[in-house]
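One structure below.
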Amino acid sequence: MSDEKSYDGSCFCGAVQIRVTGAPAAMGYCHCESCRSWSAGPVNAFTLWKPEAVEVIQGQDKIGTYHKTPNSYRKWCQVCGGHVFSEHPGLGLTDVYAAVIPDLPYEPTVHVNYQETKLRIRDGLPKLKDFPKEMGGSGILLDE
């Protein structure tokens, strides 16, 4: 039995329920055009997890998948249309949208793809042009 903390979340209507366990690998904001279009917002608040830390505990049969590119398999509830998570196979990580897990203490540490931003945020966090070097990006920092 694990003593790691778990957090439950769901889609908009509750038909799809998920559980994340342990600590996320990273938390932050993505400003890329794909995330903005998918979320219908100016920025996406992400929490990245190892795939084994993310479990669908209800409604697996109600999950739809869309992948515009092989980099992101975006998952949503086919009942309400609520977005739940995205699998990023190339990174070996799953993005569970921060709003889906309301009890998780959200502590962002970085902005990624800030070169594409439509909403300037002055919060003192690092603003990366694209991704960190260790994730295949340039690692270049931009001004707030």
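The values are calculated or read from the model by the stated rules, or taken from the named source; none is laboratory data. A quick note: this is a predicted structure, and the numbers were derived from the prediction, not measured. Reconstructed Cβ throughout: ideal geometry from the backbone, glycine too, with neighbour counts over all protein chains shown.
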Problem set entry | Matching residues, segment 120-135, being over 13 Å from residue 26 (Cα atoms), touching a Leu at 6+ places or on another chain (Cβ under 7 Å) and not in a loop (DSSP other than H, G, I, E, B) | 127, 128
For this session: Quickly run through segment 3-44 and pick out the residues that are in contact with a Cys (Cβ under 6 Å, 6 or more places away or on another chain), in contact (Cβ under 8 Å) with a residue 60 or more places away in the chain and either buried (at least 19 other Cβ atoms within 10 Å of the Cβ) or aliphatic (A, V, I, L, M) (or both).
Result: 11, 15, 16
For this session: Specify which of the listed residues (81, 14, 64) is modelled with pLDDT of 95 or more, in a strand (DSSP E or B) and either under 25 Å from residue 114 (Cα atoms) or among the small types (Gly, Ala, Ser) (or both).
Result: 64
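Residue-by-condition table, conditions (1) in contact (Cβ under 8 Å) with a residue 60 or more places away in the chain; (2) under 15 Å from the mean Cα position of the chain (by Cα):
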| position | (1), (2) |
| --- | --- |
| 68 | no, no |
| 71 | no, yes |
| 75 | no, yes |
| 98 | yes, yes |
| 114 | yes, no |
| 117 | yes, no |
| 129 | no, no |
| 133 | no, no |
| 137 | no, no |
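Tell me, which residue of segment 45-54 that is buried (at least 19 other Cβ atoms within 10 Å of the Cβ) and out of contact with any helix residue (DSSP H, G or I) (no Cβ under 9 Å at 6 or more places or on another chain) is farthest from residue 95 (Cα to Cα)?
First, the residues of segment 45-54 that are buried (at least 19 other Cβ atoms within 10 Å of the Cβ): 46-49, 53-54.
This time we only want the ones that are out of contact with any helix residue (DSSP H, G or I) (no Cβ under 9 Å at 6 or more places or on another chain), so: 48-49, 53-54.
Details: 48: 5, 49: 6, 53: 11, 54: 9 Å.
Here the residue is 53.
Looking at 95, 103, 61, can you tell me which residue is touching a His at 6+ places or on another chain (Cβ under 8 Å) and at negative phi?
Working: 103 fails: touching a His at 6+ places or on another chain (Cβ under 8 Å); 61 fails: touching a His at 6+ places or on another chain (Cβ under 8 Å).
Residue meeting the stated conditions: 95.
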